[in-house]
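Below is one structure; the comments refer to it alone.
Laboratory data are not the source of any read-out in this text; all were calculated from the coordinates shown. Note that the coordinates shown come from a computational prediction; the quantities given were computed from them, not determined experimentally. FYI the Cβ positions are ideal-geometry reconstructions off the backbone, even for glycines, and counts take in every protein chain you see.
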Amino acid sequence: MAGSTRKKMFYFTEDQDRLLKAIAAEEAVSEAEVVRRALDLYARERLKDPLVEIIGAFTGPRDGAERHDGYIYGKG
């Protein structure tokens, strides 16, 4: 775990509490570690740039960014 930890208090529904306990037992980690991992995953997904995912998804001329008018409208 990177950095120091801070104590927090949260309220979970009964279903969330059961799920948290089950995941912690299955992973052999503390409930706090499950919450930290879930928060890390949530933050990564939330901050993900959707444009990064399409890099390399399309093929075409290498100079398409510079000469797009010529390719689209037949100019230049």
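Just to be sure I understand: with springs between alpha-carbon atoms less than 10 Å apart, which residue in 36, 62, 18 has the highest mean-square fluctuation in the Gaussian network model of the chain?
Comparing 36, 62, 18 in a Gaussian network model of the chain, the most mobile one is 62.
Could you give the length gained by full extension between residue 49 and residue 69, i.e. 0.36 nm per residue of separation minus their alpha carbon distance, to one decimal place?
Working it through step by step, the gained length comes to 4.5 nm.
Taking Cα atoms, how many degrees apart are the long axis of helix 31-47 and the longest axis of the chain, rounded to 10 and kept between 0 and 90?
The two axes meet at around 20 degrees.
Within the chain, what is the number of lysine pairs with alpha carbons under 29 Å apart, leaving out pairs fewer than eight places apart on the same chain?
The number of close lysine pairs in the chain is 5.
For n ≥ 4 DSSP H runs only, could you compute -39500 (n - 2.57) per run for the chain, divide by its residues and tell me the 222 nm figure to the nearest 500?
-15000 deg cm²/dmol
Taking 0.36 nm per residue of sequence separation and subtracting the Cα-Cα distance, how much length would be gained by fully extending the chain between residue 57 and residue 12, in nm to one decimal?
12.1 nm
What full-extension length gain, to one decimal in nm, is calculated for residue 40 and residue 21 as 0.36 nm per residue of separation minus the Cα-Cα distance?
5.0 nm
Enter the angle in degrees (range 0 to 90, nearest 10) between the Cα long axis of helix 14-27 and the first principal axis of the Cα atoms of the chain, meaning the one along which they spread out most.
In the chain, helix 14-27 runs at an angle near 80 degrees to the longest axis.
Note down the magnitude of the dipole of the chain about its Cα centre, charges +1 on Lys and Arg C-beta and -1 on Asp and Glu C-beta and zero elsewhere, to the nearest 20 debye.
Dipole of the chain, to the nearest 20 debye: 280 debye.
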